[in-house]
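Heads up, the thing below is written out as structure tokens.
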Amino acid sequence: MLRIATIGTSMITNEFIAAVKENPQTEVGAIYSRNADRGAAFATTNGLPNVPVYDDLDTLLADPTIDLVYIASPNNLHFDQTRAVLLAGKHVITEKPAFTNPDQFAVIARLLNARNHQYYFEATRHIHTPNFIKMQHALTGHTVTGALLSYAKYSSRYDQVLAGEEPNIFSPRFAGGALQDLGVYLVYAAIALFGKPLAAHYEPHMLTTGVDGGGVGTLTYPNFTVVLRPDKTVQSRVPSEIYLGKDTVWTDNIAELQQLRYYHGSGEQFDDLATTQPANGMSSELARFVDIIQQNDRAAFAELFQLSARANEVLYALRQDAGLHFPVTVEAATDDE
């Protein structure tokens, strides 16, 4: 049984806690919030009135009953909190995007290299779902000739931007923007399916807050190009497609993958590849992370860690290409101890 503490009180943490409750190998052991009252209310809302609530991170990390910490704080806090969790001797799951640049990732890599009994995972739930795995299998033996990966979802916080405000998810101070949110799903999918690209280019739609509200990116591979379309200012119903010459692998939403089809040629005939997805989108990833920890599967861990490193490199390359820069304090990478 892994006892898990959570950091963050947003909807994504609600969903994660529900996944923890569903998994017979895990239980919620503590909740952290910088505001004690908010943390207590969050615990009660999630049916955990007797779970300890901390408003001091050091005190939480000193709790010997906690095995793993799930981090779902604002993006700019991910690096420092992940580093602190590892230094405290605990496993960590960090919500995407884990870190803002390769220097930060290198620090975490050094910490893990010195702690081969500890695990770090980046929470990118879609690549662990049954239908994503089916998509990977559908590409086996075929030559990819291109892809369009789209995830455009109107954010309720965008209304605040239009009203002249700067919510966290649209603020450079919090490492926000569409690429750093919805774009992570697209980059992860591309790398998991096709490997690391040769080059990355991003043309952003800039907002008054100083981050991208959306944009169009391209990842260049030796014989094809992948187009990325993340956006938080529109509600799109454009699917994602992978081209195999005359055939097409199609999904309604690359992040949710409720539908998955293999189209043959130019007609409307297709094979329905979809299977039932878990009701909780985080169940599959949590189950895999728990299995890796309990089985001490360093090979599976190394594969996921390399994927996380490559995604971090590509996201950073896209940002640099577009001239998207965060404050120095956000990009800083304090060395390990």
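Below is a table of values for the structure above.
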read-out: Mean accessible surface per residue for the chain, computed with a 1.4 Å probe while every protein chain stays in place, in Å²; value: 43 Å²
read-out: 3J(HN,Hα) from dihedral phi, the range 319-332, Karplus parametrisation 6.51/-1.76/1.60, rounded to Hz, x for glycine, proline; value: 5, 5, 4, 8, x, 8, 10, 9, x, 4, 5, 7, 7, 4
read-out: Karplus-derived HN-Hα couplings along the range 302-311 (A = 6.51, B = -1.76, C = 1.60, θ = phi - 60°), whole Hz, x at Gly and Pro; value: 4, 5, 5, 5, 5, 4, 4, 5, 5, 5
read-out: Protection proxy ranking of 296-305, 103-112, 275-284 - average other beta-carbon atoms within 10 Å, highest first; value: 103-112, 275-284, 296-305
read-out: Sum of side-chain charges, Ala200 neighbourhood, beta-carbon under 13 Å (Lys, Arg +1; Asp, Glu -1); value: 0
read-out: Under-27-angstrom lysine pairs by C-alpha in the chain, whenever the two are 8 or more apart or on separate chains; value: 14
read-out: Antiparallel DSSP beta bridges within the chain, percent to nearest 5; value: 50 percent
read-out: Principal-axis tilt of helix 102-113 within the chain, Cα atoms, nearest 10 degrees; value: 60 degrees
read-out: Principal-axis tilt of helix 130-139 within the chain, Cα atoms, nearest 10 degrees; value: 40 degrees
read-out: Tilt relative to the chain, helix 11-22 - C-alpha long axis, 0 to 90 degrees, to 10; value: 80 degrees
read-out: Summed side-chain charge close to Thr233 - residues other than Thr233 whose Cβ falls under 11 Å, Lys, Arg +1, Asp, Glu -1; value: 0
read-out: Other-chain or far-sequence residues with amide H under 5 Å of Val28's (modelled H); value: Ile4
read-out: The chain: calculated mean residue ellipticity at 222 nm from DSSP helix runs of at least 4, using -39500 (n - 2.57); value: -10500 deg cm²/dmol
read-out: Span from the the range 30-100 Cα centroid across to the the range 284-331 one, whole angstrom; value: 19 Å
read-out: Inter-site label distance for Asp55 and Asp80 at 7 Å from Cα along Cβ, in nm; value: 1.9 nm
read-out: Integer Hz, Karplus 6.51/-1.76/1.60 couplings in order for the range 226-235, x for Gly and Pro; value: 10, 9, 10, 9, x, 6, 10, 10, 9, 10
read-out: Rg and Dmax [Cα atoms of the range 1-147; Å; Rg one decimal, Dmax integer]; value: 17.0, 55
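The values are calculated or read from the model by the stated rules, or taken from the named source; none is laboratory data. The structure presented is a predicted model; accordingly, all values stated were derived computationally and were not measured. Backbone-built Cβ (ideal geometry, glycine too); neighbour counts: all protein chains shown. All accessible areas refer to the heavy atoms of the entire protein, side chains included, with ligands and DNA or RNA removed. Shrake-Rupley method; radii C 1.70, N 1.55, O 1.52, S 1.80 Å.
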